[in-house]
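Worksheet: the structure to be examined is printed underneath.
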Amino acid sequence: MVNQKISHRPTICYRPIQPSDLEVLERLHADIFPIRYEEEFFQSVVHARDIVSWAAVDRSRPNGHSDELIGFVTARIVLAKETEIGDLLIYDPLKPDQTLVYIMTLGVVETYRNLGIARSLIRQVIKYASSFPTCHAVYLHVISYNIPAIHLYKKMSFKCIRRLQGFYLINGQHYDSFLFVYYVNGGCSPCSPLELLVAAVSYMTSSLKTVAARLRKNEEESPKLPK
């Protein structure tokens, strides 16, 4: 763990999480989150088993700690049709390969917070998701009382699209969760009721004009009866 005060100018770098990070990664998760994660999760992270991850390290840390984690983000690719937000996305159901990226965990050591590290880690995920043409969004859950995280996601243009009642169970108590989404590669949410109404009126107007044009054409082409 880092000291309570940073006595040097940090040099923050980012890299993939690797097997040698296992012990520190487990410790940071235990320190930061009120939820316990299974050993299988950590093994999947450090060995990149269906999980992608990035670590933040301070290259200027002394005493051999220059490659030790001071921040992290973990994420995985999921099929859009199998997620809980499938109804909140516009995508072609005839293309089963369309995906999303789900941010599983994100954390920064307390003494390194407010340095833009979490923002940079999220950008790594967004860049990764954007590199896949079939990916339409990055999404995540955040517990309702984590105000700093909520403000960060809003500043980064994530959209809060749903509140999930009692999503988390911590020490026998339920807490709500907010669902945030960041759209990539042209992904978007379904139209609002007003947008649907405007689209429906536009479609009906266009259809009526087409029918009227056909009627006029048929009338002009029909044979004239002699007087």
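The values are calculated or read from the model by the stated rules, or taken from the named source; none is laboratory data. Since the structure is predicted, the reported quantities are computational estimates derived from the model, not experimental observations. Every residue, glycine as well, gets a Cβ built from its backbone with ideal geometry; the counts of neighbours run over all protein chains shown. Side chains are part of the model used for accessible areas, which takes the heavy atoms of the whole protein and leaves out ligands, DNA and RNA. Shrake-Rupley method; radii C 1.70, N 1.55, O 1.52, S 1.80 Å.
What the table below lists for this structure:
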item	result
Segment S130-A30, length gained on full extension (0.36 nm per residue, minus Cα span)	32.9 nm
Order of exposure, largest accessible area first, which applies to E26, E68, E38 with probe 1.4 Å	E38, E26, E68
Simple label model, 7 Å out from Cα along Cβ direction - T111 to E39, nm	3.0 nm
Simple Cβ-charge dipole of the stretch 1-55, Lys/Arg +1 and Asp/Glu -1, about Cα centre, in debye nearest 20	420 debye
Lysine pairs with alpha-carbon atoms under 25 Å apart, the stretch 12-190, spacing 8 or more or separate chains	8
Solvent exposure, largest accessible area first (probe 1.4 Å, DNA, RNA and ligands not counted), of V52, V57	V52, V57
Å² per residue, accessible surface of the stretch 12-190 at 1.4 Å	52 Å²
Computed over the stretch 12-190: relative contact order in percent, which uses C-alpha pairs under 8 Å that are six or more apart	18 percent
Geometric extent, Cα atoms of the stretch 12-190 - Rg, Dmax (angstrom)	16.5, 56
